[in-house]
Structures are given as C-alpha cells and as structure tokens.
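Enquirer: I'd like to ask you about the structure that follows.
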Amino acid sequence: MWLLKYGQKPVPANKVPDIVSSSLVSDVNQNPLSIYAMQHRSYLGSNLTIEQTLSPGSNYDQYIASYLSEGLRIYGLLTVPVVQNRRAVGR
C-alpha cells in the first residue's frame, strides 16, 4: 500500500515515519469510503433479473440485466457466448 509521497517518490506504508503513518492510516481506515473500510463491510447480494432480451449476435446472446445493491437497482448489459461444441478444450 502506498500512502504518500516524499518529493516525487511514492513511499510504502511500512516506510512512512510512525508519527505520520499511525495517524494517517487511522484516518484512512476510519473513513467509510476508504478501500480498507469497504473491504471489511458485508454486502447483501440479490438475484440477477433479466429485464429485457436483446437481439442476438452471430455468436452471443444479449440481455439487459439488473440486481439490487444497497437499495439501488443496478442495470448492465449481459453478453453470453453461444457455445457450438460443449466438449472441454483438449478432450
């Protein structure tokens, strides 16, 4: 983890002086939007919902899909390849 710069060189967290690193790391870890805080939260998942089927391509199918995240519905394009031969590669 890189915390701050001395001049133009990034300094790893374990090389920053203790006075700076302890207060800076503490502040960063307590911020609810920090990577550290977000990594240590639990996130509830939801089922994927197919909202709309789109026209297929030459070797794929496409859908508009959605799921719930923290009370919001998130939409995205789901592209699924069409498999002609279902045997595993190398068999």
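Enquirer: So what is log10(I(q)/I(0)) for the range 44-91 at q = 0.17, 0.30 1/Å, when the Debye sum runs over its Cα atoms only?
Expert: Log-scaled intensity ratios, in q order: -0.62, -1.05.
Enquirer: Can you tell me which of 39-49, 66-76 comes out highest on packing, and rank the rest after it, using the mean Cβ neighbours within 10 Å?
Expert: Packing proxy ranking, top to bottom: 66-76, 39-49.
We did not get these values from a lab; they are worked out from the coordinates using the rules stated. Treat the numbers as computed from the prediction; the structure is a model and nothing was measured. Reconstructed Cβ throughout: ideal geometry from the backbone, glycine too, with neighbour counts over all protein chains shown.
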